[in-house]
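A.B. asks: The structure that follows is given in the form of structure tokens.
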Amino acid sequence: MSEKQKQLRSISAAPPRWKTQWSRPLGRFLDHVVYNTAVVGLENIPVTGPVVFAANHLSYLDGPVMVGASSRYMHVMVRHDMFKGFLGWVLQASGQIPVNRSGDRAALQYAKAVLDRGDCVGILPEGTRGSGDAANVNSGVAWLALNSAAAVVPVAVLGTRNRGEHRDKIPSPRRKMHVVFGQPLTITREPGVSGRVSMDRATEQIRLRLASHIAASQAATGQDLPADDHLSSKHKGQQP
């Protein structure tokens, strides 16, 4: 095993519950002191038991904003190459889970271990920052739902990036944001259906629920998603 693989494995172990004790207060500070975040739907979050929070992905702030808005502590699955330098120390110390988007079964197993002990995992199943409409999601969220007893709570994060802004932009302080938690969804395996088909169907079921929740949240809050095709020309060539 290479030194890099050893390092990734060492920071990928299922994080202990206590590490999230300061990440949510930090998220709350971000939501309500640095920014002006309205939170809706807390009554939809199960009070106990495992939960997968599945949110759309607009900017770097989506995970922290979701963590601060939630009524429960959670471990968020974060792109592995963010675990570098001071930011990497913060992510590791606060109990986040590094995941390689090219395919990381180990990270899913660590997330499942968190769910199996009755705790919560946050995931941005679109995989990369985009328009945030859940037109596409990866199958990781479905795998977690099918292989644990966790409820899936769709989360619409709005305002972390606005129309015409580059994907790397960090919003100015006091921007109005919205976090809307939807009704939980329970995913079960269909009898007599292959694992691959079950995964595909569960992925689409979650995607449709998340997409409809995002659309309803836009209508309710008046907060639009960014339109990536309207980015300024100087930014178009910089998109990841």
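The values are calculated or read from the model by the stated rules, or taken from the named source; none is laboratory data. The shown structure was predicted, so the numbers you read here are calculated from the model rather than taken from an experiment. A quick note on method: Cβ atoms are made from the backbone with ideal geometry, for glycine too, and the neighbour counts reach across all protein chains shown. The protein model used for the area step is the full one, side chains on, heavy atoms only, and it has no ligands, DNA or RNA in it. Shrake-Rupley method; radii C 1.70, N 1.55, O 1.52, S 1.80 Å.
A.B. asks: Using only alpha carbon pairs under 8 Å that are at least six residues apart, calculate the relative contact order of segment 127-226 and give it in whole percent.
C.D. replies: Numbers: 125 pairs, mean separation 43.6, N = 100.
Relative contact order comes out at 44 percent.
A.B. asks: Measure of size requested: the Rg and Dmax of segment 10-112, with Cα atoms as the atom set and Å as the unit; please supply both.
C.D. replies: 13.5, 37
A.B. asks: If you filter segment 51-120 for trypsin sites (Lys or Arg not before Pro), then keep DSSP loop positions with at most 14 other Cβ within 10 Å, what is left?
C.D. replies: Details: sites: Arg72, Arg79, Lys84, Arg101, Arg105, Lys112, Arg117; in loops: Arg72, Lys84, Arg101, Arg117.
Answer in residue order: Lys84, Arg101, Arg117.
A.B. asks: Still on this structure, please answer the following. Can you tell me the convex hull volume per residue for segment 105-159, based on C-alpha atoms, in Å³ to the nearest whole number? Please list the in-between numbers first.
C.D. replies: Working: hull volume 4.9 nm³, N = 55.
Taking only Cα atoms, segment 105-159 has a hull volume of 89 Å³ per residue.
A.B. asks: Compute, for Asp200, the solvent-accessible surface of its heavy atoms (probe 1.4 Å) with the complete set of protein chains present, and express it in square angstrom to the nearest 10.
C.D. replies: 80
A.B. asks: Moving to a separate point now. As I understand it, the dipole of the chain uses +1 on the Cβ of Lys and Arg and -1 on the Cβ of Asp and Glu, about the Cα centre. Which of Ala211, Ala227, Met82 lies farthest toward its positive end?
C.D. replies: Met82
A.B. asks: Normalised by the number of residues in the chain, what is the relative contact order in percent for Cα pairs under 8 Å and 6+ residues apart?
C.D. replies: Numbers: 455 pairs, mean separation 63.9, N = 240.
Normalised by residue count, the contact order of the chain is 27 percent.
A.B. asks: Which distance in nm do the two modelled labels at Asp200 and Thr128 give, with both placed 7 Å along the Cα-to-Cβ direction?
C.D. replies: With each label point 7 Å from Cα toward Cβ, the separation is 2.3 nm.
A.B. asks: Starting from the Cα of Asp116, step 7 Å along the direction of its Cβ; do the same at Ala220; then give the gap between the two resulting points in nm.
C.D. replies: It is 3.5 nm.
A.B. asks: Based on DSSP H runs of at least 4 residues, each adding -39500 (n - 2.57), what is the mean residue ellipticity at 222 nm of the chain after dividing by all its residues, to the nearest 500 deg cm²/dmol?
C.D. replies: Working: 8 runs with 84 residues, N = 240.
Helix contribution divided over all residues of the chain: -10500 deg cm²/dmol.
A.B. asks: Once you have the Kirkwood Rh of the chain from its Cα pairs, apply Stokes-Einstein at 25 °C and 0.890 mPa s and quote D in µm²/s.
C.D. replies: 136
A.B. asks: Rank Leu91, Ala106, Gly164 by how far each Cα sits towards the positive end of the charge dipole of the chain (+1 on Lys, Arg Cβ; -1 on Asp, Glu Cβ) and give me just the farthest.
C.D. replies: Leu91
A.B. asks: Something else: Could you tell me which of Gln21, Asn147, Val197 has its Cα farthest along the dipole of the chain towards the positive end, charges placed at Cβ (Lys, Arg +1; Asp, Glu -1), taken about the Cα centre?
C.D. replies: Value computed over the given set: Gln21.
A.B. asks: Would you check the accessible area of Arg163, probe 1.4 Å, heavy atoms only, in square angstrom rounded to 10?
C.D. replies: 140
A.B. asks: Please work out, to two decimal places, the log10 of the ratio I(q)/I(0) at q = 0.13, 0.15, 0.22 Å⁻¹ from a Debye calculation in which every Cα of segment 73-197 carries one identical scatterer.
C.D. replies: -0.63, -0.83, -1.54
A.B. asks: Which number gives the lysine pairs in the chain that have C-alpha atoms under 25 Å apart and are eight or more places apart or on different chains?
C.D. replies: 12
A.B. asks: Can you tell me what share of the DSSP beta bridges in the chain is antiparallel? A percent to the nearest 5 is fine.
C.D. replies: Values: 5 of 24 bridges.
Antiparallel bridges make up about 20 percent of those DSSP assigns within the chain.
A.B. asks: Right, something else. Please get the size of the charge dipole for the chain, origin at its Cα centre, with Cβ charges of +1 on Lys and Arg and -1 on Asp and Glu, quoted in debye to the nearest 20. All intermediate terms of the calculation are to be shown ahead of the outcome.
C.D. replies: On the way: 29 positive and 18 negative charges, 112 e Å.
Dipole size: approximately 540 debye.
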